[in-house]
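Read the structure below first, then the notes.
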Amino acid sequence: MNSVQPEDRGAAQCRSLDRLLDDARLWRGSSPVSVASRLPAATPQLEVALGGGWPCGVVCELALSEPGCGELTLLLPVLREVHGPTAWIAPPHVPHPSALAAAGVAIRDTLLIEPATPAQAQWAAEQLLRSGVYGAVLLWLPTVSPRAVRRLQLAAQGSAAFVALLVPDAGSPLTSPAALRMALTAGAHGVRVTVRKRRGGRPSPPFMVEYRAGVMAGPAFADAGAGGIAAN
(Lines give C-alpha, C1' and ligand atoms only; values in the text may rest on other atoms or scores of the structure.)
Protein backbone atom coordinates (compact mmCIF):
# COMPACT_ATOMS: atom_id res chain seq x y z
CA MET A 1 0.00 0.00 0.00
CA ASN A 2 1.33 3.41 -0.97
CA SER A 3 1.80 5.97 1.78
CA VAL A 4 1.87 9.75 1.51
CA GLN A 5 4.49 11.63 3.48
CA PRO A 6 3.41 14.87 5.21
CA GLU A 7 5.36 17.06 2.78
CA ASP A 8 3.83 15.19 -0.18
CA ARG A 9 0.36 15.63 1.28
CA GLY A 10 0.99 19.35 1.72
CA ALA A 11 2.19 19.72 -1.86
CA ALA A 12 -0.90 17.90 -3.12
CA GLN A 13 -3.15 20.22 -1.10
CA CYS A 14 -1.38 23.26 -2.53
CA ARG A 15 -1.89 21.95 -6.06
CA SER A 16 -5.58 21.38 -5.33
CA LEU A 17 -5.89 24.92 -3.98
CA ASP A 18 -4.15 26.32 -7.05
CA ARG A 19 -6.61 24.50 -9.31
CA LEU A 20 -9.50 25.90 -7.29
CA LEU A 21 -8.17 29.46 -7.49
CA ASP A 22 -7.70 29.10 -11.25
CA ASP A 23 -11.35 28.09 -11.70
CA ALA A 24 -13.21 30.88 -13.51
CA ARG A 25 -16.36 30.03 -11.55
CA LEU A 26 -14.74 31.13 -8.29
CA TRP A 27 -15.56 34.65 -7.19
CA ARG A 28 -13.16 36.47 -4.88
CA GLY A 29 -14.99 38.83 -2.55
CA SER A 30 -12.54 41.68 -3.07
CA SER A 31 -12.60 41.44 -6.87
CA PRO A 32 -14.96 43.90 -8.57
CA VAL A 33 -16.66 43.13 -11.87
CA SER A 34 -14.70 44.53 -14.79
CA VAL A 35 -15.83 48.00 -15.86
CA ALA A 36 -15.61 46.78 -19.46
CA SER A 37 -18.46 44.34 -18.72
CA ARG A 38 -20.89 47.03 -17.59
CA LEU A 39 -23.70 49.02 -19.19
CA PRO A 40 -24.67 52.59 -18.26
CA ALA A 41 -27.43 53.16 -15.71
CA ALA A 42 -30.39 55.53 -15.89
CA THR A 43 -28.91 58.12 -13.50
CA PRO A 44 -25.46 58.97 -12.11
CA GLN A 45 -26.56 58.06 -8.58
CA LEU A 46 -27.74 54.64 -9.72
CA GLU A 47 -24.53 54.12 -11.67
CA VAL A 48 -22.45 54.82 -8.56
CA ALA A 49 -24.62 52.52 -6.43
CA LEU A 50 -24.08 49.76 -9.00
CA GLY A 51 -20.33 50.21 -8.91
CA GLY A 52 -20.03 51.79 -12.35
CA GLY A 53 -23.12 50.55 -14.17
CA TRP A 54 -25.10 47.37 -14.70
CA PRO A 55 -22.86 44.27 -14.74
CA CYS A 56 -23.09 41.80 -17.62
CA GLY A 57 -22.46 38.07 -17.56
CA VAL A 58 -24.01 37.78 -14.10
CA VAL A 59 -27.50 37.64 -12.59
CA CYS A 60 -29.02 40.97 -11.52
CA GLU A 61 -31.88 40.11 -9.18
CA LEU A 62 -34.63 42.73 -8.81
CA ALA A 63 -37.10 42.15 -5.98
CA LEU A 64 -40.30 44.05 -6.75
CA SER A 65 -42.81 45.38 -4.25
CA GLU A 66 -45.40 44.92 -7.03
CA PRO A 67 -45.41 44.60 -10.83
CA GLY A 68 -45.03 48.03 -12.40
CA CYS A 69 -43.28 49.59 -9.42
CA GLY A 70 -40.78 51.23 -11.78
CA GLU A 71 -38.56 48.37 -12.85
CA LEU A 72 -38.53 49.36 -16.51
CA THR A 73 -37.67 52.94 -15.62
CA LEU A 74 -34.33 51.41 -14.65
CA LEU A 75 -34.12 48.72 -17.32
CA LEU A 76 -35.21 50.44 -20.52
CA PRO A 77 -32.05 52.59 -20.72
CA VAL A 78 -30.04 49.35 -20.48
CA LEU A 79 -31.98 47.70 -23.28
CA ARG A 80 -31.14 50.62 -25.57
CA GLU A 81 -27.44 49.91 -25.05
CA VAL A 82 -27.19 46.13 -25.40
CA HIS A 83 -25.69 44.51 -28.49
CA GLY A 84 -27.84 41.71 -29.80
CA PRO A 85 -31.46 40.63 -29.40
CA THR A 86 -33.39 41.01 -26.16
CA ALA A 87 -35.59 38.25 -24.72
CA TRP A 88 -38.57 38.86 -22.42
CA ILE A 89 -39.49 35.62 -20.69
CA ALA A 90 -42.79 35.26 -18.80
CA PRO A 91 -43.51 38.96 -18.22
CA PRO A 92 -46.73 39.52 -16.21
CA HIS A 93 -48.33 41.27 -19.20
CA VAL A 94 -47.61 41.55 -22.92
CA PRO A 95 -45.10 44.33 -23.67
CA HIS A 96 -46.57 47.21 -25.68
CA PRO A 97 -44.57 47.43 -28.94
CA SER A 98 -45.21 51.14 -29.55
CA ALA A 99 -44.20 52.00 -25.98
CA LEU A 100 -40.97 50.06 -26.30
CA ALA A 101 -40.22 51.69 -29.67
CA ALA A 102 -40.83 55.13 -28.14
CA ALA A 103 -38.31 54.23 -25.43
CA GLY A 104 -35.69 53.46 -28.07
CA VAL A 105 -35.84 49.66 -27.84
CA ALA A 106 -35.46 47.82 -31.15
CA ILE A 107 -38.74 45.91 -31.60
CA ARG A 108 -37.45 43.68 -34.39
CA ASP A 109 -34.72 42.44 -32.06
CA THR A 110 -37.13 41.70 -29.19
CA LEU A 111 -38.31 38.16 -28.47
CA LEU A 112 -41.32 37.42 -26.24
CA ILE A 113 -41.52 33.96 -24.69
CA GLU A 114 -44.58 32.90 -22.68
CA PRO A 115 -43.81 29.48 -21.11
CA ALA A 116 -46.51 27.42 -19.43
CA THR A 117 -44.61 27.03 -16.13
CA PRO A 118 -41.86 28.83 -14.18
CA ALA A 119 -39.60 25.81 -14.67
CA GLN A 120 -39.97 26.14 -18.43
CA ALA A 121 -39.29 29.87 -18.16
CA GLN A 122 -36.02 29.26 -16.35
CA TRP A 123 -35.04 26.54 -18.80
CA ALA A 124 -35.66 28.93 -21.70
CA ALA A 125 -33.51 31.61 -20.07
CA GLU A 126 -30.64 29.18 -19.53
CA GLN A 127 -30.76 28.00 -23.14
CA LEU A 128 -30.76 31.54 -24.53
CA LEU A 129 -27.81 32.50 -22.36
CA ARG A 130 -25.84 29.44 -23.39
CA SER A 131 -26.48 30.25 -27.05
CA GLY A 132 -24.35 33.38 -26.71
CA VAL A 133 -26.62 35.23 -29.16
CA TYR A 134 -28.70 37.42 -26.86
CA GLY A 135 -27.59 40.79 -25.54
CA ALA A 136 -30.16 40.83 -22.75
CA VAL A 137 -32.45 38.32 -21.07
CA LEU A 138 -35.25 39.48 -18.77
CA LEU A 139 -36.84 36.68 -16.74
CA TRP A 140 -39.89 37.00 -14.51
CA LEU A 141 -40.52 34.30 -11.91
CA PRO A 142 -43.11 34.16 -9.09
CA THR A 143 -40.50 32.80 -6.69
CA VAL A 144 -36.94 31.56 -6.94
CA SER A 145 -34.63 29.36 -4.90
CA PRO A 146 -30.88 29.88 -4.36
CA ARG A 147 -30.27 26.72 -6.39
CA ALA A 148 -32.27 28.09 -9.32
CA VAL A 149 -30.35 31.39 -9.16
CA ARG A 150 -27.08 29.46 -9.12
CA ARG A 151 -28.04 27.58 -12.28
CA LEU A 152 -28.96 30.84 -13.99
CA GLN A 153 -25.71 32.39 -12.77
CA LEU A 154 -23.68 29.55 -14.31
CA ALA A 155 -25.46 30.03 -17.64
CA ALA A 156 -24.99 33.81 -17.47
CA GLN A 157 -21.28 33.80 -16.74
CA GLY A 158 -20.57 32.03 -20.00
CA SER A 159 -22.11 34.93 -21.92
CA ALA A 160 -21.72 38.69 -22.20
CA ALA A 161 -25.46 39.25 -21.79
CA PHE A 162 -27.25 41.52 -19.37
CA VAL A 163 -29.45 39.27 -17.22
CA ALA A 164 -32.30 40.61 -15.10
CA LEU A 165 -34.22 38.25 -12.82
CA LEU A 166 -37.44 39.91 -11.65
CA VAL A 167 -39.32 38.38 -8.72
CA PRO A 168 -41.82 39.61 -6.12
CA ASP A 169 -40.06 40.69 -2.95
CA ALA A 170 -41.91 37.93 -1.09
CA GLY A 171 -40.57 35.37 -3.58
CA SER A 172 -36.96 36.47 -3.30
CA PRO A 173 -34.73 34.11 -1.28
CA LEU A 174 -33.13 35.22 1.96
CA THR A 175 -29.69 34.49 0.51
CA SER A 176 -28.78 34.25 -3.15
CA PRO A 177 -25.68 33.71 -5.30
CA ALA A 178 -26.79 36.54 -7.61
CA ALA A 179 -23.98 39.05 -8.18
CA LEU A 180 -26.36 41.99 -7.77
CA ARG A 181 -29.48 42.11 -5.61
CA MET A 182 -31.83 45.09 -5.52
CA ALA A 183 -35.21 45.90 -3.99
CA LEU A 184 -37.58 48.26 -5.83
CA THR A 185 -40.59 50.06 -4.39
CA ALA A 186 -42.88 52.51 -6.20
CA GLY A 187 -42.96 56.10 -4.99
CA ALA A 188 -45.11 59.09 -5.90
CA HIS A 189 -42.52 60.52 -8.30
CA GLY A 190 -40.01 57.74 -8.72
CA VAL A 191 -38.84 54.29 -7.76
CA ARG A 192 -37.14 53.66 -4.41
CA VAL A 193 -34.01 51.59 -4.95
CA THR A 194 -32.10 49.61 -2.34
CA VAL A 195 -28.95 47.74 -3.34
CA ARG A 196 -28.93 44.73 -1.01
CA LYS A 197 -25.83 43.07 -2.41
CA ARG A 198 -23.18 44.07 -4.92
CA ARG A 199 -20.24 41.94 -5.91
CA GLY A 200 -17.01 43.68 -5.04
CA GLY A 201 -18.77 46.42 -3.05
CA ARG A 202 -21.09 47.24 -0.20
CA PRO A 203 -24.88 47.53 -0.13
CA SER A 204 -26.25 51.05 -0.49
CA PRO A 205 -28.87 52.88 1.56
CA PRO A 206 -32.22 53.46 -0.19
CA PHE A 207 -32.43 56.28 -2.74
CA MET A 208 -34.95 57.50 -5.30
CA VAL A 209 -34.68 57.40 -9.06
CA GLU A 210 -37.16 59.96 -10.33
CA TYR A 211 -39.44 59.43 -13.28
CA ARG A 212 -38.41 61.87 -15.97
CA ALA A 213 -40.78 63.70 -18.31
CA GLY A 214 -41.87 61.45 -21.15
CA VAL A 215 -40.44 58.34 -19.51
CA MET A 216 -42.63 55.41 -18.55
CA ALA A 217 -43.09 55.16 -14.81
CA GLY A 218 -44.11 51.54 -14.86
CA PRO A 219 -43.67 48.68 -17.31
CA ALA A 220 -44.47 49.12 -20.99
CA PHE A 221 -47.33 46.67 -20.89
CA ALA A 222 -50.32 46.50 -23.19
CA ASP A 223 -52.62 46.16 -20.18
CA ALA A 224 -53.02 49.67 -18.77
CA GLY A 225 -54.17 48.20 -15.50
CA ALA A 226 -50.71 46.72 -15.03
CA GLY A 227 -49.02 50.09 -14.91
CA GLY A 228 -49.46 51.33 -18.46
CA ILE A 229 -47.52 54.37 -19.51
CA ALA A 230 -47.24 57.33 -17.19
CA ALA A 231 -45.62 60.62 -18.07
CA ASN A 232 -44.75 63.02 -15.28
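The values are calculated or read from the model by the stated rules, or taken from the named source; none is laboratory data. The model shown is predicted, which means the values in this text are computed figures rather than measured ones. Please note: Cβ atoms are built from the backbone with ideal geometry, for glycine as well, and neighbour counts cover all protein chains shown. Accessible surface areas use protein heavy atoms only, side chains included; no ligands, DNA or RNA. Shrake-Rupley method; radii C 1.70, N 1.55, O 1.52, S 1.80 Å.
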What number of residues in region 136-160 are open to solvent by less than 10 Å² (accessible area, probe 1.4 Å) and farther than 18 Å from Glu71 by Cβ? 2
Tally the residues that are modelled with pLDDT of 90 or more, open to solvent by less than 40 Å² (accessible area, probe 1.4 Å) and closer than 22 Å to Tyr211 by Cα, restricting the search to region 89-99. 1
What number of residues within region 186-207 are in contact with a Pro (Cβ under 8 Å, 6 or more places away or on another chain) and more than 15 Å from Arg150 (Cβ to Cβ)? 7
Qualifying residue in region 90-103 (condition: touching a strand residue (DSSP E or B) at 6+ places or on another chain (Cβ under 6 Å), closer than 19 Å to Leu180 by Cβ and not in a strand (DSSP E or B)): no
Given the options Ala121, Ala170, name the one that is at pLDDT below 95 and part of a helix (DSSP H, G or I). Ala170
Check on Thr194, within 16 Å of the chain's Cα centre (by Cα) and at pLDDT below 90: no
Which count do you get for residues in region 117-129 that are surrounded by 14 or more Cβ atoms within 10 Å (Cβ to Cβ) and either within 15 Å of the chain's Cα centre (by Cα) or farther than 22 Å from Val105 by Cα (or both)? 9
Give all pairs with beta carbons closer than 6 Å in which a residue from region 71-100 that is without any contact (Cβ under 8 Å) to a residue 24 or more places away in the chain meets a residue that is not basic (Lys, Arg); count only pairs at least 6 apart in sequence or on separate chains. Pro97/Ile107
Could you go through region 134-141 and let me know if any residue there is more than 15 Å from Cys56 (Cβ to Cβ) and not in a strand (DSSP E or B). yes
What's the total number of residues in region 45-88 that are farther than 25 Å from Arg202 by Cα, surrounded by fewer than 21 Cβ atoms within 10 Å (Cβ to Cβ) and among the small types (Gly, Ala, Ser)? 1
